[in-house]
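Heads up: the structure comes next, in structure tokens.
The values are calculated or read from the model by the stated rules, or taken from the named source; none is laboratory data. Quantities reported herein were computed from a predicted structural model and do not represent experimental measurements. Reconstructed Cβ throughout: ideal geometry from the backbone, glycine too, with neighbour counts over all protein chains shown. Protein only, heavy atoms only, side chains kept; ligands, DNA and RNA dropped before computing areas. Shrake-Rupley method; radii C 1.70, N 1.55, O 1.52, S 1.80 Å.
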Amino acid sequence: MLTRRGTRLALAVATGLFGGSAARADGIAIWSLLDREGPLAAATAPAADGLSDYLAMINVRDGGVNGIPLIYEECGTAIAAQESAACYDKAKASAIFVVPWSAATVLDVLPDASHDGIALLAPGGAPAMVADGRYFPWAFAMPATQLDGAQAVLDAIADKPDGGAPAGLKGKTIALLRLDGPESADAAAFLQAQSTLLGFTLLDLPVGLKEMRAQSAQWQEIGRIRPDYVVMSGLGAITETALAEARKANFPTGRLIGMAWSTDDAELALLGDAAKGYRAVSWNLPGADAQALRDIAETRAGADKAGHAAAERSGLFYQRGVIAGAILVEAIRLAHSHFDRRDVDRTQLRWALEHLELDDATLAALGLAGMIGPFVTSCSDHGGHAAAWLLEWNGRAFIRKAGPLATDPAEIAPTTKALARRYAEANAPWTTNGGCRP
């Protein structure tokens, strides 16, 4: 198992061990901030495991990046602002990148990271506003944001995989059953705006973090209104509980659609055929045959000599951690190449994160072919806007149902910009990147 709160796991090729040795002076330190024991652990712990395994595999297989070992460290936040701040204080002395695995943690550490010049990468889980690099030079959300996911859900409901105007939504009622907090707030704002534009009714049903397994009030409202669809957004037990409540309310499973973090394979496996037909939009495809996953298994990379169990490696959350590791490794390689030096600094690595071009060939070289769609970043666009897929639970695993579902950055840009401006004004004086252009 990975070491827990405040402890250190150095993944250095020199020893070939996955123990608790200290960070190396010539290594590149990447920190995870996560919930490993609390309500969001089912999502954030596998993602962190995937990240650590990918970095370890690069060390074993390649000897690090251009000979420099990658050092993985983590700290448990307990989804509390004070704990997040303490974890960030531990990380900032050595971290070249920090990976917060929840939107709440991003918000907790964003001011200090922006001040200190430490890049944050929260793949698919950051508040959508950070996709605007003009306001948030040091925060990144690629390959996609909450708003990309919300748009993809509407396209899936309207059967518009090409991203065209989902006119089929007019007159429908959509309930949004969501974890109350930053993990879903942006999607709720976007869907509310789209409901006015596209003529559907949105029923917003937030669920408190401590009430994820107690949704009777929300399902009473769903039973009363009988919406056409229920969209679920949130990490943790919210999905498993919602599926159980839907059965009791005789609400068709096929009209439940989850967003990217409502895809907990482990919890759905407990339900088995009872969850059959549940659909969800995801920016990554289950990719058990992907080269990166095969390499991880072959090198037995991970927190122990056997690596993490195959069941975990097949999960969407674990594979998102692998993808995050590949994004960071590619950024390090790009910085080395562009600046023609191995001892790149944080500003140079930030530049690399803003100039990624992960086309099909690059994704294949990273071992990610079949796991994720192409995306690019820029100084002003830290979101990537990668395509999504509509997945369906077959009783044992998620399978591809439709997609890729194309996203339209222009459609979500006004919401992103408004959220970014609102945050900057509320936290004035806020330093922006005036050199960025749309």
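Values for this structure:
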{"quantity": "Top of 103, 280, 260 by mean-square fluctuation, Gaussian network on the chain, Cα under 10 Å", "calculated": "103"}
{"quantity": "Separation in nanometres of the label points that stand 7 Å from Cα toward Cβ, at residue 340 and residue 431", "calculated": "2.9"}
{"quantity": "Among 196, 427, 70 - extreme Cα towards positive end, dipole of the chain, charges at beta-carbon", "calculated": "196"}
{"quantity": "Overall dimensions of the chain by Cα: Rg and Dmax, Å", "calculated": "20.5, 64"}
{"quantity": "Rel. contact order, % - alpha carbon contacts under 8 angstrom, at least six apart, the chain", "calculated": "20"}
{"quantity": "Those GluC sites (Glu not before Pro) in the stretch 205-301 that DSSP places in a loop and that have at most 14 other beta carbons within 10 Å", "calculated": "none"}
{"quantity": "Packing rank of 348-359, 378-389, 192-203, where each peptide gets the mean count of other beta carbons within 10 Å, highest leading", "calculated": "378-389, 348-359, 192-203"}
{"quantity": "Quarter of Cα convex hull surface for the stretch 82-136, i.e. mean projection, nm²", "calculated": "3.5"}
{"quantity": "Dipole-positive endmost among 40, 87, 146 within the chain (Cβ charges, Cα centre)", "calculated": "40"}
{"quantity": "Accessible surface, 1.4 Å probe, highest first, among residues 265, 273", "calculated": "273, 265"}
{"quantity": "19 Å tail of the calculated P(r), the stretch 23-147, as % of Cα pairs", "calculated": "46"}
{"quantity": "Among 30, 225, 79: highest mean-square fluctuation, GNM of the chain, C-alpha pairs under 10 Å", "calculated": "225"}
{"quantity": "Globularity ratio of the stretch 291-422, using Cα Rg and 2.2 N^0.38 Å", "calculated": "1.22"}
{"quantity": "Accessible area of residue 229 in the full protein assembly, 1.4 Å probe (Å², nearest 10)", "calculated": "40"}
{"quantity": "On Cα atoms only, tilt of 41-62 relative to the major axis of the chain in degrees", "calculated": "30"}
{"quantity": "Highest-first arrangement of 84-96, 113-125, where packing means the average Cβ count within 10 Å", "calculated": "113-125, 84-96"}
{"quantity": "Inter-probe distance in nm under a simple model that places probes 7 Å from Cα toward Cβ, at residue 82 and residue 201", "calculated": "4.5"}
{"quantity": "Carbon + sulfur, % of accessible area of the chain - ligands and nucleic acids excluded, 1.4 Å", "calculated": "51"}
{"quantity": "Nearest 10 degrees, 0 to 90: helix 216-225 Cα axis against the chain principal axis", "calculated": "50"}
{"quantity": "Protection proxy ranking, peptides 40-47, 335-342, average beta carbon neighbours within 10 Å, highest first", "calculated": "40-47, 335-342"}
{"quantity": "Residue 418/residue 364 FRET efficiency (R0 41 Å; Cβ-Cβ; nearest 0.05)", "calculated": "0.65"}
